[in-house]
1. Test of understanding: among E234, E294, E226, which residue is among the acidic types (D, E) and more than 15 Å from the chain's Cα centre (by Cα)?
2. Pairs only if they're at least six apart or on different chains, beta carbon under 8 angstrom, first in segment 73-94 and more than 18 Å from A315 (Cα to Cα), second not in a helix (DSSP H, G or I); list them, first residue then second.
3. What about E166, is it in contact with a strand residue (DSSP E or B) (Cβ under 6 Å, 6 or more places away or on another chain) and not in a loop (DSSP other than H, G, I, E, B)?
4. Pairs only if they're at least six apart or on different chains, beta carbon under 9 angstrom, first in segment 39-59 and modelled with pLDDT of 85 or more, second of a type in the set (S, T, N, Q) and in a helix (DSSP H, G or I); list them, first residue then second.
5. Condition first: of a type in the set (S, T, N, Q) and outside any strand (DSSP E or B). Now tell me which residues in segment 243-274 satisfy that.
6. Could you tell me whether any residue of segment 160-169 is open to solvent by 80 Å² or more (accessible area, probe 1.4 Å), among the hydrophobic types (A, V, I, L, M, F, W, C) and more than 25 Å from G308 (Cα to Cα)?
7. Give the residue that is modelled with the lowest pLDDT, with candidates limited to residues of segment 236-285 that are surrounded by fewer than 22 Cβ atoms within 10 Å (Cβ to Cβ) and among the acidic types (D, E).
Amino acid sequence: LCQSHRSADARLPLTMDGLEHLSIPEDKKRYILEALNPLLEEMVAESIRSMPKDPVPFMLEWLEDKQVSAQDNKLSHDEKDRLLQENLELQAKVSKVMSQMQQVAKAVVEDMFESEEEENDDEEPPPEFFAKQPKLTSRHSVSAEAIGEWNKKKVFVPPVIPKSEEQKEAIKRCLGSSLLFSSLGQRDMGLVIGAMREVQVEPQETVIQQGANGDFLFVVESGKLECRIVQDGEEKFVKTCEAGDVFGELALLYDCSRQATVVASERCRLWRLDRDTFNYIIKEGAEKRRVRYEGFLARVHLLDSMNGYERSQLADALRTEDVDDGCTIVTQGENGTKFYILEEGEAIAEKNGSEVMRYGPGDYFGELALIRNQPRAATVKAVGPVRLLSIDGATFTRLFKVEELLERSSKYT
């Protein structure tokens, strides 16, 4: 039906005349012409563009995505927003339950080993104790993970990949700028660095694919990559991943498929961390922090246009700052380096000594200095104890839509 010499850019239309040689009823010919052929043409064109090594699974996945997109288009905007909110709430509940079960299992294992050591310090655990437990995939149910794996919890020994001191220092610098790793102690940081494996990526190489299963996260040491997502059948650019950024962590945190595609813009050096090490060392603390921040960010009016994936990326970029009553957070006339969201407490903005605005939880300020590269337009002070979430300038300009923020500039003029 789709002629072999057609290309994605020059396709010959199939007409009823081209079906005359087929001995089938007219209604079937019309079905081929109007229903089958447009779909097959689109699928073949996409296959030619992507040139997968094995076209069969590629086509099956394409057809499945096509069906999902068609169903999604039938939903109203309000229905999509409601389903997205329900999904986020469900993810938060699942993460909480999984975190609680991990805490219980960890405590049981630690108690068990403390008892064994007291009874016989020289006795080795039986070999089967260290047998590899089945790897959890996104197709397992929550109850299967919580109950089935709970009694089989084992002592985890992270892999150790040989590295030079220079490589270790490079990884440490990258991890130090990521909220996901910033709370690790010296021992855990050493374990994470030891378990990471170097990955060299060439330009235009796809590192992770939206919809695929994921068993690794990646930390960027050098180079740039583009993060893209497909929404409503359209591929959209999300952000650029640069040195110090982390991507691929959502699949590990939530045991879900990849939420975006990441493609190298240039030659990159990445460091890859496996799921088992991530779960054992990082996941518990990151889950709690992410759920708390995402729940807060969902109430910030500025972020209404962000989807769940973008909001989760922002949550990873936030830093907390505690400010005492009466302390100055930003000063009028100084160069701005941070954007702030008020998490707890109250603050006031003053311009030339006069109060021009009062902030409460969910309000934000400091965006104008970063957008325009100008001195701070106002002084902001804490009224009582205040907890802030802050974002540095580079992250701010990558994640926020400048045009929307410029519309708010009149509040200081």
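The values are calculated or read from the model by the stated rules, or taken from the named source; none is laboratory data. Source: prediction; values computed, not measured. Positions of Cβ are backbone-derived with ideal geometry, glycine not excepted, and every protein chain shown enters the neighbour counts. Heavy atoms of the whole protein, side chains included, go into the accessibility calculation; ligands, DNA and RNA do not. Shrake-Rupley method; radii C 1.70, N 1.55, O 1.52, S 1.80 Å.
1. The match here is E234.
2. If the second residue must be not in a helix (DSSP H, G or I), the pairs left are N73/D232; N73/G233; L83/L75.
3. On the way: in contact with a strand residue (DSSP E or B) (Cβ under 6 Å, 6 or more places away or on another chain): no; not in a loop (DSSP other than H, G, I, E, B): yes.
The answer is no for E166.
4. Here the result reads P55/S47; F58/S47; F58/S50; M59/S47, each pair linking segment 39-59 to a residue that is of a type in the set (S, T, N, Q) and in a helix (DSSP H, G or I).
5. From segment 243-274, those of a type in the set (S, T, N, Q) are 257, 259, 261, 265; that's our starting set.
Passing the criteria: S257, Q259, S265.
6. Yes, because at least one residue in segment 160-169 is open to solvent by 80 Å² or more (accessible area, probe 1.4 Å), among the hydrophobic types (A, V, I, L, M, F, W, C) and more than 25 Å from G308 (Cα to Cα).
7. E284
Conditions (1) hydrophobic (A, V, I, L, M, F, W, C); (2) modelled with pLDDT of 80 or more; (3) open to solvent by 30 Å² or more (accessible area, probe 1.4 Å); (4) within 32 Å of the chain's Cα centre (by Cα), marked per residue:
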position	(1), (2), (3), (4)
M306	yes, no, no, yes
K338	no, yes, yes, yes
K381	no, yes, yes, no
V386	yes, yes, no, yes
